[in-house]
Every structure is written in C-alpha cells, then in structure tokens.
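First the structure, in the form of structure tokens, and then the observations on it.
Every number here is computed from the coordinates shown, using simple stated rules; none is lab data. Computed from a prediction, not measured in an experiment: that's the story for all the values here. Glycine also receives a Cβ, built like all others from the backbone with ideal geometry; neighbour counts cover every protein chain displayed.
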Amino acid sequence: MNSKVAFSGILSSMLLANAAFAYDPFHNPGHPHCPTNDGTTRWVDFISGRVPDVPGHRASFFGIQFRYAKTLADRSGLGNLDPAACYSVSYNVNRAKFKNGFESFRNWSYDRMNQPEYSESHHKDGLPGDPLQYELNVEGFMFLYNEAGEVYDTHGQLAGQLVCYTSNECEKYRY
C-alpha cells in the first residue's frame, strides 16, 4: 500500500471519529433539589425560584420534553415548537445579567444540531408568565404545568414533561 492511500485512510478515520464526537448526545444533570432529583421539592417552588442556587447549578433551570406531541388531537396547541428539540427553560427574577421572566432555548438532537437550518437556538428571554399560577412560557407560547411535572399545551392537552436535566435527545418525539 502506498503512503498516499494509507494517509487517506487515516485521515478518513480521524474525520469520522471527530464527526461522531461532534454529534454526541449530551445529558446535563440538574440542580440536586429539582423535584425529580430529591422527591421533596415542589415544581412550583423550584420554578419560581424559592429553591436557592447551589454551586454549579442554577435554581429554576429545567428541561421540557414534548413527549406526548405525537398523540395530540390538535397539534396547533404547540404553536411552531418542534417536539424533536428538547427545551431548556428558566425563570429569572432579579438575577444579574438576566431579564426578568421566562427564558428558553432549543437543544437540537445530536443528528441535526450541526445542520445550518437548525443552527438557530430560538433563544428568548424576558417572557411573561407566572410560575406561581403554574404557567410556563416557551418561546412565547404559554403552557400550564402541574406538580407531577406534566405540561399542557394552549388547548389543555397533555403535551410534555418537565425534567430536572437538559439534553438534546428528543428526536424520538418528532411528529
């Protein structure tokens, strides 16, 4: 085998290895006192900021996965949100460097996150809503939640689940 062919094979292997790394899924564990992590904290207390930050973990920062989107009788209740994306959401009140209100952005699945049409994170901040009234705001769409962590769309249909972590593994919930 000549050196040019050998180098080409090595280079191809390196590129494939790096491409696989670039598309690796991520799963970032959340705050230790998030409701599904400790079992005693209520969602309303966590989201509204009644639970203090701990080193390395901001309180009121959580994930939403639209796990039930495929079963919705009327999909318009999700607006233009894509259930194939996981959503990171937080509620900010008097936090330095953050606008008051809900903040959200999309975490695309690992097989789409590097494609140009999905490069926009859809980051929105300063969004209205009152977590004490069990309201959530994701990209300008107001949803309701309950203490079981269930998320209801604008038509009152069960659409998603609150989770105590952020990830990019929601492709399986695509319509």
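Each Lys or Arg adds one and each Asp or Glu subtracts one; over the other residues with Cβ under 10 Å from the Cβ of Asp153, this totals 0. Electrostatic bookkeeping for Val44 treats Lys and Arg as +1 and Asp and Glu as -1; over the other residues with beta carbon under 12 Å from its beta carbon, the sum is -2. For the stretch 25-173, the number of Lys pairs with C-alpha atoms closer than 28 Å, counting only pairs eight or more positions apart or on separate chains, is 5.
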